[in-house]
Amino acid sequence: LHGDPNQLLAYYQRLFNYKYLLIFPEIRDNEVRPLFSFPQEAFSPFFKGAEIDWLNYYPKALYRNQGDESVNAAEFMSHFGIDHLYPIRFENKTFGFLGVHAHGRAPNDFEKQTARLIARYLASQWHARNLMSEIRRSTEKTERLLQEISTVLEVTRAIEGGGDIQMLLETIMEKCMEVMAVEAVSLMLTMDDGDLEFRVALGPKGKQVKRYRIRPGQGIAGKVAQSGKPLLIPEAYNDPRFDPSFDKRSGFRTHSILCVPMQHRGKNIGVVQALNRFDGKSFNEHDLRTFTIFAGQAAVAIENSRLLIKALENEKIKSQIAVAAEIQRLIVPEILPRISRLKMYGRYIPCQGVGGDFYTVVPLSADETIVAIADVSGKGVPGALLVSTLNATLKAYLEFTSDLSLVMKKLNRLIMELSTADRFITMFLAKINTRIGEVEYISAGHNPQFLLRRPFKITELSSTGMAIGIIDYDYRSRRSSFQEGDVLLLYTDGVVEARNGRMEEFGEERLAAIMVEEKSRDMGALCENIITAVTEYSAPGLPQDDITLLAITFAKEGDHG
């Protein structure tokens, strides 16, 4: 069956001298009416859809006055003058129904066979149309996500570049306003007296509201600053927490509100607020996630600025290194998240005031967790800043995708843009799935990481591609079994490249031997024993590298780190 559906239906009607054909959608409501009639006629609705919705699951045709139909189905067919009713189905899903007015006669075998072909053709067309609509929606969603990621990267680069903090905050909020498609956005900082002071206010009445202050607990912004929790308000004037005084003074009309706290190390430093989506819809959870990322970037910019000001008040390079060390300390987690069935312990020992190593743990769901460890070539302030960018960008990407290959490819391109030719990063990125007992990983030029399996044998998870920041590269992940009792040890080269007085390296064999000999399920004891062994092996006075370790074991059901 090929060609235009209208021509096909016209031919079908003439072939069997039917009075008319009706096409019905899947029965979802109590009111049922045809989508299409051929020839075109007007029909009143049938108001007992709930009594015949079983037709959606009935795969056979019904014939009026043949004893095949139920009382309710007979009433439905009689209402529309239908003698034959054929389901339009594709792969066990009903899309609708083909109804035929056959002047009261029963169909012969040829009519039945032809009707089945027509219904099959209509079902395939219906399925194709639905599929294209789904592809279009998916494409639009992907384009929005790509735009959001691109904007996050732009802002990250702006933060990395430093500059005037006021201009930087305005840039962040301008990009936020553009991505979220809203009428107005604002950024307020918490002052010493607890009041919120506008630092950025963009929108039709932005200049007017900037001169006002907001007291703790006043309006939506004041409530968010007090509680440290975001608020989504679908209709401002229906919410008793909303303060309409700003609207009265400025002439602006607030409809929906999204307000998110800016936090640093658990302390609220201000809030960001968005008003009125251009499409008139209320803010949703996706808007909240996107806005939270921008709030986090603004907080990073503010704290980086405060740290920089503090450094400039001191003298020369020592104070600058102290600032970068603080940034580095904020990156490496002091406390790892508690995750069901995973026991973890991490340790980071920089070789100088500021190092270039980092590790992180990011829970994605109850079953999936991202773990990563990285080592920047070159230490000091530039290394710490590059690590800071890598950490922030990695977490931003993971808000939108957990595809390791895509994340690593994006990180590589960003580091290529930001770093000089002599700087690159080796990185081991893994996704642990405790439900299926598997670890998926990409090793970008990193040392082979160790997986200890019973009966206490070491499997090396070796490099799968180039270090990031050198050339454009398509990374491919590998997978390995990760079962109860297994131990995954992530480390940087400072562990195995530590040297003794004879300039001999500690080496991977010694590290693997400690894991096998230890046979410990206490990840803290394992890491500390490794550090002790490396420290005792190293010759005093020789330049050494950072030492970074992250140990993870697959614990018993109900156990967590």
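The values are calculated or read from the model by the stated rules, or taken from the named source; none is laboratory data. Being a predicted model, the structure only gives us computed values, none of them experimental. Using ideal geometry, Cβ is built from the backbone for each residue, glycine included, and neighbour counts are taken over all protein chains shown.
Going by the conditions given, is Ala225 surrounded by 18 or more Cβ atoms within 10 Å (Cβ to Cβ), modelled with pLDDT under 95 and over 17 Å from Thr190 (Cβ atoms)? Judged against the criteria, Ala225 is not a match.
Residues that are more than 21 Å from Arg289 (Cα to Cα) number at least 2 in the following helices (runs of 4 or more DSSP H) confined to region 187-276: 206-209, 245-250.
Ile220: surrounded by fewer than 21 Cβ atoms within 10 Å (Cβ to Cβ) and out of contact with any Asp or Glu (no Cβ under 6 Å at 6 or more places or on another chain), yes or no? Spelling it out, it is not the case that Ile220 is surrounded by fewer than 21 Cβ atoms within 10 Å (Cβ to Cβ) and out of contact with any Asp or Glu (no Cβ under 6 Å at 6 or more places or on another chain).
Checking each residue in region 491-519 for being assigned to a loop (DSSP other than H, G, I, E, B) and either closer than 22 Å to Ile373 by Cα or not small (Gly, Ala, Ser) (or both) picks out Thr492, Glu497, Ala498, Asn500, Arg502, Met503, Glu504, Phe506, Lys519.
Within region 428-444, being crowded, with 20+ Cβ neighbours inside 10 Å and in a loop (DSSP other than H, G, I, E, B) holds for one residue alone: Thr434. Scanning region 520-529 for residues that are surrounded by fewer than 15 Cβ atoms within 10 Å (Cβ to Cβ) and assigned to a helix (DSSP H, G or I) yields a total of 2. Tell me which residues, restricted to region 86-121, are over 22 Å from Asn6 (Cβ atoms) and in a strand (DSSP E or B). Across region 86-121, the qualifying residues are Lys93, Thr94. When His264, His286 are checked against the criterion of being surrounded by fewer than 22 Cβ atoms within 10 Å (Cβ to Cβ) and touching a helix residue (DSSP H, G or I) at 6+ places or on another chain (Cβ under 6 Å), His264 stands alone in meeting it. Are any of the residues in region 518-539 modelled with pLDDT under 90 and hydrophobic (A, V, I, L, M, F, W, C)? Yes, region 518-539 has at least one match. One residue stands out among those in region 410-425 that are assigned to a loop (DSSP other than H, G, I, E, B) and touching a strand residue (DSSP E or B) at 6+ places or on another chain (Cβ under 9 Å): the one that is surrounded by the fewest Cβ atoms within 10 Å (Cβ to Cβ), which is Arg423. With respect to Glu484, determine if the residue is outside any loop (DSSP other than H, G, I, E, B) and not polar (S, T, N, Q). It is false that Glu484 is outside any loop (DSSP other than H, G, I, E, B) and not polar (S, T, N, Q). Taking the criterion of being surrounded by fewer than 16 Cβ atoms within 10 Å (Cβ to Cβ) and at positive phi, the only residue of region 267-283 that qualifies is Gly280.
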